[in-house]
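Worksheet: the structure to be examined is printed underneath.
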Amino acid sequence: MKKLALYGKGGIGKSTTASNISAALALAGKSVCQIGCDPKNDSTRLLLGRNCRSTVLDTVRDKGDAVTYDDVVHTGFAGVRCIEAGGPEPGVGCAGRGIIVALQTLEELDAVGEPDAILYDVLGDVVCGGFAVPIREGYAEDIYIVTSGEMMALYAANNIAKGVRRFASRGKVRLGGIIANSRKVHNEEELIMAFAKRLNTQLVAFIPRDPIVQQAEIRRQTVLEYAPDSAQAEVYRQLATRIWESTGSDIPTPMDFEELEAMVYHYGSR
Ligand code: ADP
Ligand code: MG
């Protein structure tokens, strides 16, 4: 069983990428479970064709101990099992704490079971206690960081690498690599490749920015479903294969902010 997590800055493309990876793996015959760990609750929207109706935390709030498997597990495109951890109302409570409760509830219900692949889609602007839970508690083992060549995305990616490094020393968690999701930044691929190398890991995919992603999104579909013959679908299929065939093995070596800034300047100004 592959226990995967995608981390990255908010809005960078984690859920889009995760959903397309899940779809590609499922279409290749694997059993897949995707778990959204972001208070936005939209990780699995493209797989379900709608917003998830009941998140784990909502259901726990409504039903307490009476929550059942069917309340929290929803079946999406190609049979992917979809779960949203959920989050507190904006401005109330701690999203990180919510993830802890949600993951514990899933364990009690044996909701995740033993699929071929589990994908945690985790917001990683800050790797606070709660958002580190999938790494810290051994839920996820192979960590992939999604970033563009933008400064703030790389800043978040470097912080996530710090979190992975901390927990890699005591358990099985390892960095699988960096997934570049393009924002058409100047010299973007070279920059992210250098960034990955400096972090002691590799660039596992460079995903082009392509309007077909929005065309699929407005129909609430993955690219794998909407345009399976497109070049973009092939990029996601290759990424899924690469992730499936490799095992996270890298202990990252993050840098300080000044060094990251200098790296961004170096590639951006060439
Ligand atoms: P996150 O889960 O990291 O918050 P999303 O996956 O929701 O981010 O993506 C944010 C927006 O970026 C969405 O509107 C999505 O369609 C768009 N997007 C993501 N990846 C691409 C891409 N490769 N090309 C074009 N648009 C993309
Ligand atoms: Mg998301």
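Listing for the model above:
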| read-out | value |
| --- | --- |
| CD proxy at 222 nm, helix term only [per DSSP H run n ≥ 4: -39500 (n - 2.57); per residue of the chain; nearest 500] | -13000 deg cm²/dmol |
| Rounded tilt (10° steps) of 188-198 against the dominant C-alpha axis of the chain | 80 degrees |
| In sequence order, calculated HN-Hα J values of segment 39-53 (Karplus, 6.51, -1.76, 1.60; Hz; x Gly/Pro) | x, 5, 6, 10, 4, 9, 4, 6, 7, 7, x, 6, 6, 4, 6 |
| Beta bridges per DSSP with both ends in the chain, % antiparallel, nearest 5 | 10 percent |
| For segment 177-270, convex hull volume per residue from C-alpha positions, Å³ | 111 Å³ |
| Kirkwood hydrodynamic radius over Cα pairs of segment 83-146, then Stokes diffusion coefficient at 25 °C and 0.890 mPa s, in µm²/s | 195 µm²/s |
| Net dipole in debye of the chain [+1 Lys, Arg Cβ; -1 Asp, Glu Cβ; about Cα centre; nearest 20] | 300 debye |
| Inter-centroid distance (Cα atoms) of segment 70-126 relative to segment 6-69, Å | 7 Å |
| Label-point gap, in nm, between residue 246 and residue 31 - each point 7 angstrom along Cα→Cβ | 2.7 nm |
| Amide H contacts of residue 120 (H built 1.01 Å from N, under 5 Å, at least 5 apart or other chain) | 4, 5, 6, 35 |
| Size-normalised alpha-carbon gyration radius of segment 111-270, reference 2.2 N^0.38 Å | 1.07 |
| Of all DSSP beta bridges in segment 116-243, antiparallel share, percent nearest 5 | 0 percent |
| Pair residue 197, residue 97: separation of 7 Å Cα→Cβ label points (nm) | 4.6 nm |
| Residue pairs, from the table 40/184; 3/172; 9/162, whose Cα atoms sit over 18 Å apart | 40/184 |
| Whole-Hz ³J(HN,Hα) from phi, Karplus 6.51 cos²θ - 1.76 cosθ + 1.60, for segment 7-24, glycine and proline x | 10, x, 4, x, x, 7, x, 4, 5, 4, 5, 4, 5, 6, 5, 4, 4, 5 |
| Vicinal HN-Hα couplings computed from phi for segment 94-99 (Karplus, 6.51 cos²θ - 1.76 cosθ + 1.60; Hz; Gly/Pro x) | 10, 4, x, 4, x, 5 |
| For residue 31, residues with placed amide H under 5 Å, excluding near neighbours | 116, 117 |
| Top of 61, 50, 136 by mean-square fluctuation, Gaussian network on the chain, Cα under 10 Å | 61 |
| Extension gain from residue 162 to residue 183, taking 0.36 nm per residue of separation minus the Cα-Cα distance | 5.2 nm |
| Kirkwood Rh, Cα atoms: Rg over Rh of segment 1-113 | 0.94 |
| Within a Gaussian network of the chain (alpha carbon springs, distance under 10 Å), most fluctuating of 221, 104, 202 | 104 |
| Segment 1-67 - Debye-derived log10 I(q)/I(0), Cα point model, q = 0.15, 0.18, 0.26 Å⁻¹ | -0.55, -0.76, -1.19 |
| Cα-derived Rg over Rh, computed across segment 38-102 with Rh taken as Kirkwood radius | 0.97 |
| Stokes-Einstein diffusion coefficient of the chain, Kirkwood radius over Cα pairs, 20 °C, 1.002 mPa s, in µm²/s | 116 µm²/s |
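Bear in mind these aren't lab numbers, they're just calculated from the coordinates by the rules spelled out. What you see is a predicted model, and the numbers here were worked out from it, not measured in a lab. Every residue, glycine among them, receives a Cβ derived from its backbone with ideal geometry; neighbour counts consider all protein chains shown.
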